1. Restricting attention to region 26-33, does a residue exist that is at pLDDT 80 or above and under 21 Å from Ile139 (Cβ atoms)?
2. Name the residue that is modelled with the highest pLDDT, counting only residues in region 122-167 that are among the β-branched types (Val, Ile, Thr) and under 16 Å from Ile45 (Cβ atoms).
3. Out of all the residues in region 38-72, which are modelled with pLDDT of 85 or more, open to solvent by 40 Å² or more (accessible area, probe 1.4 Å) and in contact with a helix residue (DSSP H, G or I) (Cβ under 8 Å, 6 or more places away or on another chain)?
4. Checking the conditions here, which among Met117, Met130 is out of contact with any strand residue (DSSP E or B) (no Cβ under 8 Å at 6 or more places or on another chain), free of Cβ contacts under 8 Å to residues at least 24 places away in the same chain and aliphatic (A, V, I, L, M)?
5. Considering each of Val57, Val30 in turn, give the residue that is part of a helix (DSSP H, G or I) and under 30 Å from Gln168 (Cα atoms).
6. Say we look at region 85-115 and pick out the residues that are open to solvent by 80 Å² or more (accessible area, probe 1.4 Å) and of a type in the set (Asp, Glu); which of these is nearest to Asn126 (Cα to Cα)?
7. Check every one of the helices (runs of 4 or more DSSP H) wholly within region 64-170 and list those with 3 or more residues that are under 30 Å from the mean Cα position of the chain (by Cα) and within 19 Å of Leu52 (Cα to Cα).
Amino acid sequence: MLELLFVIGFFVMLLVTGVSLLGIIAAIVVATALMFVGGLFALMIKLLPWLLLAVAVVIVIRYVGPFFTALQNATDDLNLVVQEDLNAIRVVKSFVREDYEEEKFAKRNGDLKESSMRAFGMVVINMPVMMLVVYSTIIAVMWFGGKMVYAGTLPVGDLTAFFTYITQIL
């Protein structure tokens, strides 16, 4: 709304000072183009941390998905062995097959352990990547905000408030 008032005021000022209508239209077109490009640039800067986080999460999910499928299969195999042993405990004892069943359980349990280690090892990478994006954003705000504070175009309180907003959002 404020931009519209600015454009109307600018239009009236140009008419009062005697500038032609063609000059006014050219000025409005140039101002619109500059505001559009500046707005896109500001939007990209604002959305960059979110875009980086989204890309990191998608990469982690795509890469980790097969590991969790293997983990689920290993869990199913272990549950099958336990269920068979519990249902046929008398048969196992009567044919003295406890050692064989223990080895089978140990093998499936080892497979489950390996699958779990691989899957959770990949998920653990997710947190440092997110922290890297968050702290990079804070460093960028410190860098550009510090320059603006030093130049006198940004009050220190506004920069502090912006840090608070970033930590709450990210």
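1. No, region 26-33 contains no residue that is at pLDDT 80 or above and under 21 Å from Ile139 (Cβ atoms).
2. The residue in question is Ile139.
3. The answer is Phe67, Phe68.
4. Matching residue, one of Met117, Met130: Met117.
5. From the options Val57, Val30, the qualifying one is Val57.
6. Among those residues, the one meeting the criterion is Glu114.
7. So the answer is 98-124, 126-151, 156-169.
The values are calculated or read from the model by the stated rules, or taken from the named source; none is laboratory data. The structure displayed is predicted, hence computed values, not measured ones. Every residue, glycine as well, gets a Cβ built from its backbone with ideal geometry; the counts of neighbours run over all protein chains shown. Side chains are part of the model used for accessible areas, which takes the heavy atoms of the whole protein and leaves out ligands, DNA and RNA. Shrake-Rupley method; radii C 1.70, N 1.55, O 1.52, S 1.80 Å.
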